[in-house]
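Before we start, here is the structure in question, set down as structure tokens.
Just so it is clear, none of the values below were taken in a lab; they were calculated from the coordinates. All figures in this text were calculated on a predicted structure; none of them were measured in a lab. Reconstructed Cβ throughout: ideal geometry from the backbone, glycine too, with neighbour counts over all protein chains shown.
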Amino acid sequence: MSEPVFERIKEQIAGDDVVLYMKGTPVFPMCGFSAKVVHLLGQTGAKYQSYNILDDMDLRQGLKDFSNWPTFPQLYVKGELVGGCDIISEMYESGELAQLFQEKGVSQA
Ligand SMILES: N[C@@H](CCC(=O)N[C@@H](CS)C(=O)NCC(=O)O)C(=O)O
């Protein structure tokens, strides 16, 4: 049986095309890595939903277990984890992030 927090995560990542789990909020990021991904997403113009994992310790630990990914930010596109700050930065620089958003039909903000 999966944990209740896993069900919540599944609902959240199914609820929006692009979901960012971060420390703080897009307006007030509480970590440089989260701030960088917010900035890069802003550059792409993609519409996204964010969740502040600092407000919810169940979610913070649950996400680490759910995706076997130990850090934040975590960016999900169409329900799949794409990566954290390093991967998103590389994908932005190479153009892969814009390509992924286009392929997945992600709406613009
Ligand atoms: N290399 C990571 C950097 C992110 C990172 O190291 N995050 C740390 C510090 S903000 C973290 O989330 N640690 C786990 C925690 O705070 O629960 C990435 O590409 O996203």
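Right, Leu54: hydrophobic (A, V, I, L, M, F, W, C), more than 9 Å from the ligand (Cβ to nearest atom) and assigned to a helix (DSSP H, G or I) or not?
For Leu54, the condition - hydrophobic (A, V, I, L, M, F, W, C), more than 9 Å from the ligand (Cβ to nearest atom) and assigned to a helix (DSSP H, G or I) - is not met.
Of the residues that make up segment 61-72, is at least one farther than 20 Å from Ile9 by Cα, under 15 Å from the mean Cα position of the chain (by Cα) and small (Gly, Ala, Ser)?
Checked segment 61-72: no residue is farther than 20 Å from Ile9 by Cα, under 15 Å from the mean Cα position of the chain (by Cα) and small (Gly, Ala, Ser).
Among the residues of segment 6-26, what is the count of those that are more than 18 Å from Thr44 (Cβ to Cβ) and out of contact with any helix residue (DSSP H, G or I) (no Cβ under 8 Å at 6 or more places or on another chain)?
Going through segment 6-26 one residue at a time, the tally reaches 8.
What single numbered condition from (1) acidic (Asp, Glu); (2) within 15 Å of the ligand (Cβ to nearest atom); (3) closer than 19 Å to Glu11 by Cβ fails to hold for Asp86?
So the condition that Asp86 fails would be (3).
Restricting to segment 59-79, and then to whatever is among the charged types (D, E, K, R) and more than 9 Å from the ligand (Cβ to nearest atom), can you tell me which residue is nearest to Leu41 (Cα to Cα)? Talk me through it step by step, then tell me what you get.
Initial filter on segment 59-79 (among the charged types (D, E, K, R)): 60, 64-65, 78.
Those left that are additionally more than 9 Å from the ligand (Cβ to nearest atom): 65, 78.
Details: Asp65: 25, Lys78: 15 Å.
Filtering first and then ranking leaves Lys78.
I'm checking my understanding of the structure. Among residues of segment 11-37 that are free of Cβ contacts under 8 Å to residues at least 24 places away in the same chain and either of a type outside the set (Val, Ile, Thr) or buried (at least 20 other Cβ atoms within 10 Å of the Cβ) (or both), which one is nearest to Gln108 (Cα to Cα)?
Ala35
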